[in-house]
1. Could you check the range 17-35 and list, in sequence order, the residues that are of a type in the set (S, T, N, Q) and more than 25 Å from I90 (Cα to Cα)?
2. Pick from the range 31-53 the residues that are hydroxyl-bearing (S, T, Y) and either part of a loop (DSSP other than H, G, I, E, B) or over 15 Å from the mean Cα position of the chain (by Cα) (or both): which of them is surrounded by the fewest Cβ atoms within 10 Å (Cβ to Cβ)?
3. Checking D74 against (1) open to solvent by 30 Å² or more (accessible area, probe 1.4 Å); (2) modelled with pLDDT under 95; (3) touching a strand residue (DSSP E or B) at 6+ places or on another chain (Cβ under 9 Å); (4) not in a helix (DSSP H, G or I), which test does it fail?
Amino acid sequence: IDGVVHNAAVLNNRLSHELSPADFAAVYSPKVTGALVLDRLFPSVGLFVVASSMSVFWGPPGMANYAAANAGIDAVVAARRARGQHAISIQ
């Protein structure tokens, strides 16, 4: 395997104070846990791409969980790059 592309998205829009832990996990886990698993399974691929979103910076109300998930996968990319591994997050 020469490359990995991770593009996961689940929406469950609610205001922050209305989110249950399960609501948060339903959106966060596919993106972040998926990226972390792929990072561990494929540490030396020539291409590692994740799909993030501008909602980490700006988005409609009710997307706090989605924005947190996008920030999480951006952190996975930053960690890979700090280790000298290929990674890019497309927003």
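The values are calculated or read from the model by the stated rules, or taken from the named source; none is laboratory data. The structure displayed is predicted, hence computed values, not measured ones. We place every Cβ from the backbone using ideal geometry, glycine too, and count neighbours over all the protein chains shown. When the accessible area is computed, the model is the full protein with side chains, heavy atoms only, and any ligands, DNA or RNA have been set aside. Shrake-Rupley method; radii C 1.70, N 1.55, O 1.52, S 1.80 Å.
1. S20
2. Quick first cut of the range 31-53, residues hydroxyl-bearing (S, T, Y) only: 33, 44, 52-53.
Of the ones still in play, those that are also either part of a loop (DSSP other than H, G, I, E, B) or over 15 Å from the mean Cα position of the chain (by Cα) (or both) are 44, 52-53.
Working: S44: 8, S52: 22, S53: 21.
Within the range 31-53, the match that is surrounded by the fewest Cβ atoms within 10 Å (Cβ to Cβ) is S44.
3. Just one mismatch for D74, condition (4).
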